[in-house]
1. Do we find that residue 205 is over 15 Å from residue 101 (Cβ atoms), at pLDDT below 95 and not aliphatic (A, V, I, L, M) in this structure?
2. Just name the residue that is nearest to residue 163 (Cα to Cα) out of those in the stretch 117-130 that are aliphatic (A, V, I, L, M) and in contact with a Gly (Cβ under 7 Å, 6 or more places away or on another chain).
3. Tell me which residues, restricted to the stretch 167-204, are basic (Lys, Arg) and more than 15 Å from residue 129 (Cα to Cα).
4. Can you say whether residue 153 is surrounded by fewer than 22 Cβ atoms within 10 Å (Cβ to Cβ), of a type outside the set (Ser, Thr, Tyr) and either out of contact with any Pro (no Cβ under 7 Å at 6 or more places or on another chain) or touching a residue at least 60 places away in the same chain (Cβ under 8 Å) (or both), as far as the supplied structure shows?
5. Working only within the stretch 132-143, note down all residues that are more than 16 Å from residue 174 (Cα to Cα) and over 14 Å from the mean Cα position of the chain (by Cα).
6. Restricting to the stretch 73-85, give me the number of residues that are among the β-branched types (Val, Ile, Thr) and either more than 14 Å from residue 40 (Cβ to Cβ) or at pLDDT below 95 (or both).
7. Filter the stretch 58-85 for residues that are part of a strand (DSSP E or B) and within 18 Å of residue 36 (Cα to Cα) and give the result.
Amino acid sequence: MDGVTFDLAQTPLREVNYYLHHDIPKNGGQTITILNPNGAHSIAVGLNAPVDVEIVGHAGYYGAGMNRLANVTIRGNAGPGVAENMMSGCVRVQGFASVSAGASSQGGLLIINGDAGLRCGISLKGGDIVVGGSVGSFSGFMAQAGRMVVCGDAGDALGDSLYEAVIYLRGNIKSLGADAQIEPMSKSDYATVGELLAKAELSYNPKEFKRIASAKQLYHWNADANQEY
């Protein structure tokens, strides 16, 4: 079977997700098309097979959350928490992504062609995120591992309380968060940005990006700092 199409105007989402969890072949090679999502929540969550899923329209909360192995494309906008806690695979949002996109992702690649809202990449744990537009305030907050590439601007408190994750930004920063700092780009950084841009099919020059990483002043508590870092 080469492909299956579901229409959420006629088929309950629970039935579609059940099929995705239980009935798709484990060896991949199948394309699932989901029509008329109309902002439904939790579409294509918890996938654990090398399947291609195309959501034709806007997705609600937690679209493609907990993804593993699958390639999911949302041909529209995505609500809060898209690709939350992703383990592997790829999720692409062709429009705008709301708050907390890619939250706690441990692997895989999230691509957002448009802008992302507040807290993009919050608590990132190893995944990669590429945003073709701008990101809102507190993006990369407490990001522990992984990489973010932002082709536009960033709001307030970018990279607040970063750990080992690195943010690459092309545009302007409204403000940096606690313990975040701009660092020189290395050859390895340029290669990383170029690799991720190529995967996202974006043609920006890696030399236009700056590196934001942790100053590591928050790694150890200092009782004399009066919480001023």
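The values are calculated or read from the model by the stated rules, or taken from the named source; none is laboratory data. What you see is a predicted model, and the numbers here were worked out from it, not measured in a lab. Every residue, glycine among them, receives a Cβ derived from its backbone with ideal geometry; neighbour counts consider all protein chains shown.
1. When the stated conditions are applied, residue 205 does not pass them.
2. 124
3. Residues satisfying the conditions are 174, 187.
4. Answer is yes for this residue.
5. Within the stretch 132-143, 142 is the sole residue that qualifies.
6. Narrowing the stretch 73-85 to residues among the β-branched types (Val, Ile, Thr): 73-74, 82.
Checking the rest, the ones that are also either more than 14 Å from residue 40 (Cβ to Cβ) or at pLDDT below 95 (or both) come to 73.
So the answer is 1.
7. Within the stretch 58-85, the first condition is being part of a strand (DSSP E or B), and the residues that meet it are 59, 68, 71-74, 78.
Correct list: 59, 72, 73, 74, 78.
Residues are listed down the side, and each one gets a yes or a no for (1) assigned to a loop (DSSP other than H, G, I, E, B); (2) among the polar types (S, T, N, Q):
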residue	(1), (2)
87	yes, no
139	yes, yes
156	yes, no
168	no, no
